[in-house]
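Have a look at the structure below, then the notes.
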Amino acid sequence: MKQPKIHKIYNPAMECMDRSKLRELQSERLRETVKLEYERVPLYRKRMDEKGVKPEDIKTVDDLYKLPFTEKTDLRDEFPYGLLAQPLKDIVRIQGSSGTTGKPIVAGYTANDVEVWTEMVARALTAAGGDADDVIQICYGYGLFTGGLGAHQGAERIGATVIPMSAGNTERQMMMMTELGATMLCCTPSYATYLAETLRDRGLLGKVKLKAGIFGAE
């Protein structure tokens with residue numbers, strides 16, 4: 001059996017950066033983020049003031065301990081736009097949780113946020129051996145949940161052929177996987193297990209060409 005090609009690095013300049021330069025970059029971005037939050041997000045400014053912390057007190061990543069925590073309840077309490085650090089006109093996409101346990105949690109993405117997310121997924125797919133020769137079947141939902149669109153963007157970024165199946169409809173998932181020759185699968189761990197069991201029970205495992213899976217969100 002031919003072994004798949006493994007390309008572990010998508011962006012060598014960033015992923016192989018010298019440790020000291022990486023720390024410098026992290027500190028620079030931390031300072032920028034804290035300053036932005038303090039100036040534009042009332043909740044963060046209130047929390048920092050209560051702890052007696054100002055943006056200028058945060059100089060390196062070693063100063064992280066000085067910052068107040070953000071709790072999950074904050075994301076619901078500030079629904080929908082209370083935690084945005086950019087004006088709504090600069091938000092190009094709203095993503096969020098299902099809201100099954102109460103108010104949904106939403107996040108506003110700027111164009112740069114979308115670019116960063118795409119880059120991160122491209123790195124993850126590449127680390128798993130993905131490249132332009134792959135056919136990637138995406139079974140994450142394409143709604144408010146960020147997984148579907150995120151995986152799709154990352155897969156296209158590395159030049160792969162994308163099958164945007166979204167979630168559910170297992171019969172169709174198996175048909176497309178076997179007939180279109182999917183080589184990588186993106187979905188939740190539980191659904192990957194269910195797919196594998198169903199493929200086994202139908203005697204279809206011999207038709208599967210998968211070499212890797214990217215599982216998450218659970």
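The values are calculated or read from the model by the stated rules, or taken from the named source; none is laboratory data. Computed from a predicted structure; not experimentally measured. Cβ placement follows ideal geometry from the backbone for every residue including glycine, while neighbour counts extend to all protein chains displayed. Side chains included, ligands, DNA and RNA excluded: accessible areas come from the protein's heavy atoms. Shrake-Rupley method; radii C 1.70, N 1.55, O 1.52, S 1.80 Å.
Values for this structure:
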read-out: VAL53 being among the hydrophobic types (A, V, I, L, M, F, W, C), touching a Pro at 6+ places or on another chain (Cβ under 9 Å), within 19 Å of ALA107 (Cα to Cα) and at pLDDT 95 or above; value: no
read-out: Close pairs from the stretch 175-192: first farther than 18 Å from ALA127 by Cα, partner open to solvent by 40 Å² or more (accessible area, probe 1.4 Å) and part of a helix (DSSP H, G or I), Cβ under 7 Å, at least 6 apart; value: THR178/LYS207
read-out: Given (1) open to solvent by less than 80 Å² (accessible area, probe 1.4 Å); (2) within 29 Å of ALA122 (Cβ to Cβ); (3) in contact with a helix residue (DSSP H, G or I) (Cβ under 9 Å, 6 or more places away or on another chain), index of the condition ARG23 fails; value: (1)
read-out: Which listed residue is more than 30 Å from VAL92 (Cβ to Cβ), of a type in the set (Ser, Thr, Tyr) and open to solvent by 20 Å² or more (accessible area, probe 1.4 Å), from THR178, THR198, THR161, THR188; value: THR178
read-out: Pairs, first in contact (Cβ under 8 Å) with a residue 24 or more places away in the chain in the stretch 55-71, second of a type in the set (Gly, Ala, Ser), C-beta under 8 Å, six or more apart; value: LYS59/SER27; THR60/SER27; VAL61/SER27
read-out: Unique match (being of a type in the set (Asp, Glu) and surrounded by 12 or more Cβ atoms within 10 Å (Cβ to Cβ)) among ASP18, ASP63; value: ASP63
read-out: Selection status of MET184, aliphatic (A, V, I, L, M), under 27 Å from TYR10 (Cα atoms) and at pLDDT 95 or above; value: yes
read-out: Count of the stretch 26-53 residues which are surrounded by fewer than 14 Cβ atoms within 10 Å (Cβ to Cβ) and outside any helix (DSSP H, G or I); value: 1
